[in-house]
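Engineer: What follows is a single structure, and I will ask about it in a moment.
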Amino acid sequence: MTSAPTRPVGDLLRDWRQRRHLSQLDLATIADVSTRHLSWLETGRSRPTAQMILRLAESMEVPLRERNALLLAGGFAPAYGESTLDSPPLGPVLEALRAVLAAHEPFPAVVVDRTWELVEANDGIQALLAGTAPELVEPPVNVLRLSLHPEGLAPRIVNLPEWRSHLLARLARQAATTGDAGLTDLLAELRGYPGGEYGGVGGGGVVVPLRLRQGDAVLSFLSTTTVFGTPRDVTVDELALEAFYPADPATRTALLHTP
């Protein structure tokens, strides 16, 4: 749950503006407020209303969890609920996600939360897990740790330096844009794993593939990320579906004919 911040709301608004690399003029223009008023809000000379906090947060694309934190810092109640995964309100959400997971088989797909912990997976993911250490697939499973740990998928990833650099860059952007200390800690952990750095530019193709050794074959995947476009619940806002598609005919054939 969101806890009450100890810093003034103006300080937090300024932090988010700077994290988004916006000047006061930039944010004032986007949010349709005066630069003077924004300056007074950030310095504490004016006290923002709940509506103004939400307006500025929306303009800066602040995650819902942190919008609640801003409201608490301003002396207001949170605006967004935070349901547990097994609560009735999330029933239709999980049903929709499970339908997508099932329809994607036999290709792998997972649902993760904001810290990359596994929420749901389809049966297709089993094809990727051969040889991984048992403790890495014991709940809670962190899919980035599972991917890059030397006892996880890493030894079988043919293009490990390239894939590793892609995941670390993505996690670094996420940590920077959300301000989540847990993601920063995870990033530091993953950077400590072996795997090399990718020094190439481009590398062929239009996206970075995951190329995974499977017996005598190499499976090649493209990945996509799906999120809910209009969340009003913190938990829903933080769910993402990661789906893997065959990047070549050989991979498609191999998965379609897997017993």
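Engineer: Against the condition out of contact with any Asp or Glu (no Cβ under 7 Å at 6 or more places or on another chain), surrounded by fewer than 16 Cβ atoms within 10 Å (Cβ to Cβ) and assigned to a helix (DSSP H, G or I), how does R173 come out, does it pass?
Structural biologist: Answer is yes for this residue.
Engineer: Could you grab the pairs with beta carbons closer than 6 Å, sequence gap of 6+ or different chains, first residue in segment 239-259 and among the acidic types (D, E), second one part of a helix (DSSP H, G or I)?
Structural biologist: none
Engineer: Could I ask something else about it? If we keep just the residues of segment 219-244 that are out of contact with any Phe, Trp or Tyr (no Cβ under 6 Å at 6 or more places or on another chain) and among the hydroxyl-bearing types (S, T, Y), which is surrounded by the fewest Cβ atoms within 10 Å (Cβ to Cβ)?
Structural biologist: Top of the filtered list is T230.
For (1) part of a helix (DSSP H, G or I); (2) modelled with pLDDT of 95 or more; (3) of a type in the set (S, T, Y); (4) surrounded by fewer than 15 Cβ atoms within 10 Å (Cβ to Cβ), each residue gets a yes or a no:
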{"site": "R7", "(1), (2), (3), (4)": "no, no, no, yes"}
{"site": "L22", "(1), (2), (3), (4)": "no, yes, no, no"}
{"site": "E42", "(1), (2), (3), (4)": "yes, yes, no, no"}
{"site": "N68", "(1), (2), (3), (4)": "yes, yes, no, no"}
{"site": "V100", "(1), (2), (3), (4)": "yes, yes, no, no"}
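Engineer: Could we say that L38 is in contact (Cβ under 8 Å) with a residue 40 or more places away in the chain and in a helix (DSSP H, G or I) here?
Structural biologist: no
Engineer: Moving on to the next point. Part of a helix (DSSP H, G or I), in the same structural domain as L222 (by TED's automatic domain parsing) and at pLDDT 95 or above, is that true of A57?
Structural biologist: no
Engineer: What are the residues in segment 70-98 that are in contact (Cβ under 8 Å) with a residue 12 or more places away in the chain and in a helix (DSSP H, G or I), if any?
Structural biologist: Answer for segment 70-98, where residues must be in contact (Cβ under 8 Å) with a residue 12 or more places away in the chain and in a helix (DSSP H, G or I): L70, L71, L72, A73, P89, L90, V93, L94, L97, R98.
Engineer: What are the pairs, 6+ residues apart or on separate chains, where a residue within segment 112-131 that is of a type in the set (F, W, Y) has its Cβ under 6 Å from a residue that is modelled with pLDDT of 95 or more and crowded, with 18+ Cβ neighbours inside 10 Å?
Structural biologist: Qualifying pairs under 6 Å: W116/N142; W116/V143; W116/L144.
Engineer: Does L168 qualify as being in contact (Cβ under 8 Å) with a residue 40 or more places away in the chain, hydrophobic (A, V, I, L, M, F, W, C), in a helix (DSSP H, G or I) and out of contact with any strand residue (DSSP E or B) (no Cβ under 6 Å at 6 or more places or on another chain)?
Structural biologist: No.
Engineer: Taking W16, is it out of contact with any Leu (no Cβ under 7 Å at 6 or more places or on another chain), outside the structural domain of T177 (by TED's automatic domain parsing), in contact (Cβ under 8 Å) with a residue 24 or more places away in the chain and assigned to a helix (DSSP H, G or I)?
Structural biologist: Details: out of contact with any Leu (no Cβ under 7 Å at 6 or more places or on another chain): yes; outside the structural domain of T177 (by TED's automatic domain parsing): yes; in contact (Cβ under 8 Å) with a residue 24 or more places away in the chain: yes; assigned to a helix (DSSP H, G or I): yes.
Yes; evaluated as a whole, the condition is true for this residue.
Engineer: Are any residues in segment 102-126 among the acidic types (D, E) and assigned to a loop (DSSP other than H, G, I, E, B), and if so, which ones?
Structural biologist: Selection gives E105, D113.
The values are calculated or read from the model by the stated rules, or taken from the named source; none is laboratory data. Predicted model only: the values in this text are computed from it and were never measured. Positions of Cβ are generated from backbone atoms using ideal geometry, with glycine treated the same way; all protein chains shown enter the neighbour counts.
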